[in-house]
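A quick write-up on the structure given underneath.
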Amino acid sequence: MEKNHNLGEIIDGMGRVMVAFSGGVDSTFVLKRAQQELGSSNVLAVVVASELFRREEFDGAVKLANEMGVPVYETEIKELENEAIVANTPDSWYHSKKMFYSHLNQLAQKMDYNYVLDGMIMDDLDDFRPGLKARTEAGVRSVLQEAKLYKSEIRTLSKQMDLPVWNKPASCSLASRIPYGTKLDKQKIYQVNEAEKFIIKLGIDTVRVRHHGGVARIEVLPNQMEKVLEFSEKINFKLKSLGFSYSSVDLNGYRTGSMNEVLPGQEKQSGIAN
């Protein structure tokens, strides 16, 4: 594919690069291509732990990078210590990404890496993405966007390269489950995290549990709604045990950025959400 060839040309000559590695399909593809073009000794996978992401995702990313034979650096950020992030406004995504990229840039400078690469793709231009502004300000390189690569193309190429996460469902900050204007705290994050983990264990791998106070709004793919109803008693019992008074299924089904649907058009265009 010409785009993949172009990606190689973009990466070639970068010298030493640090990849913001989440273990998802996009950052895994970036990491693999950087490894192929520059060699493992010139690539560092940085895995960032956060209160707003599942620990299982962090552990899985570290394991995958090790299996790929790429050096790994484990670090963390404390997003719930930042009032601008806790406020959970549309601008909070910008402050979250600014903290993330600033941390990576500090590491890159300290450890003598020429560039920080992330996994943003062309699809990310279609939703509310304040992270793009933070990325640009930080000078981080979104090489998949530079090569004009979309998610479907990356999945196809990843499958051809036998990358184990080629069909992994998308993941995002757990803060995206909580409506704008509702302050973030560890309890709400715990509730949506445990609710989703429980539903995933039932065999429903693509799910979002949106936190509306006492109401949990469950989003799944349309072809999995029947399965939710099949396990409705178990799901309802679990969610009540987590502190939700009511649970509901969103008839529109799972879609990225559903919390952004209430934003004015101008704000949507200013752009992370999932």
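The values are calculated or read from the model by the stated rules, or taken from the named source; none is laboratory data. Just so you know, these numbers come straight off a predicted model, no measurement behind them. Don't worry about glycine lacking a Cβ; one is built from the backbone with ideal geometry, like all the others, and counts go over all protein chains shown.
Couple of notes before you dig in:
- Search result, residues across segment 88-115 that are in a loop (DSSP other than H, G, I, E, B) and under 20 Å from the mean Cα position of the chain (by Cα): Asn88, Thr89, Pro90, Asp91
- Looking across segment 1-32, the residues that are of a type in the set (Gly, Ala, Ser), on the phi < 0 side of the Ramachandran plot and within 23 Å of the chain's Cα centre (by Cα) come down to Ala20, Ser22, Gly24, Ser27.
- Close pairs from segment 181-198: first closer than 15 Å to Phe53 by Cβ, partner in a helix (DSSP H, G or I), Cβ under 6 Å, at least 6 apart: Leu184/Val86; Leu184/Ala175; Ile189/Leu174; Val192/Leu174; Val192/Arg177; Asn193/Leu174
- Selected residue (criterion: nearest to Leu38 (Cα to Cα)) from residues of segment 90-134 that are of a type in the set (S, T, N, Q) and out of contact with any helix residue (DSSP H, G or I) (no Cβ under 9 Å at 6 or more places or on another chain): Gln109
- Test for Lys234: is it surrounded by fewer than 14 Cβ atoms within 10 Å (Cβ to Cβ), modelled with pLDDT of 95 or more and under 17 Å from Pro169 (Cα atoms): no
- Matching option when the condition is within 21 Å of Leu52 (Cα to Cα), among the hydrophobic types (A, V, I, L, M, F, W, C) and modelled with pLDDT of 95 or more, among Met99, Met111: Met99
- Pairing residues of segment 236-248 that are assigned to a strand (DSSP E or B) with residues that are among the polar types (S, T, N, Q), at Cβ distances under 8 Å and at least 6 apart in sequence or on separate chains, gives Ser247/Asn236.
- Of the residues contained in segment 136-156, one or more are found to be in contact with a Leu (Cβ under 8 Å, 6 or more places away or on another chain) and closer than 20 Å to Lys78 by Cα.
- Answer from Val86, Val70 - the residue that is surrounded by 17 or more Cβ atoms within 10 Å (Cβ to Cβ) and either over 23 Å from Tyr150 (Cα atoms) or of a type outside the set (A, V, I, L, M) (or both): Val70
- Test: Leu163 is buried (at least 21 other Cβ atoms within 10 Å of the Cβ) and either at negative phi or modelled with pLDDT under 95 (or both): no
- Residues in segment 67-87 that are farther than 29 Å from Ile178 by Cβ, acidic (Asp, Glu) and within 19 Å of the chain's Cα centre (by Cα): there are none.
- Pair list, Cβ under 6 Å, 6 or more apart: segment 214-235 residue farther than 11 Å from Leu202 by Cα and assigned by TED's automatic domain parsing to the domain that holds Glu194, other residue among the acidic types (Asp, Glu) and surrounded by fewer than 18 Cβ atoms within 10 Å (Cβ to Cβ): Arg217/Asp250; Glu219/Asp250
Per-residue answers, yes or no, for (1) among the hydrophobic types (A, V, I, L, M, F, W, C); (2) in a helix (DSSP H, G or I):
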residue	(1), (2)
Ser41	no, yes
Ala45	yes, no
Phe53	yes, no
Gly60	no, yes
Glu74	no, no
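- Flag if Thr136 is modelled with pLDDT under 95, polar (S, T, N, Q) and assigned by TED's automatic domain parsing to the domain that holds Phe58: yes
- Qualifying residue in segment 62-82 (condition: in contact with a Cys (Cβ under 9 Å, 6 or more places away or on another chain) and hydrophobic (A, V, I, L, M, F, W, C)): no
- Reported count of residues in segment 201-246, each being under 25 Å from the mean Cα position of the chain (by Cα), at negative phi and of a type in the set (Gly, Ala, Ser), is 1.
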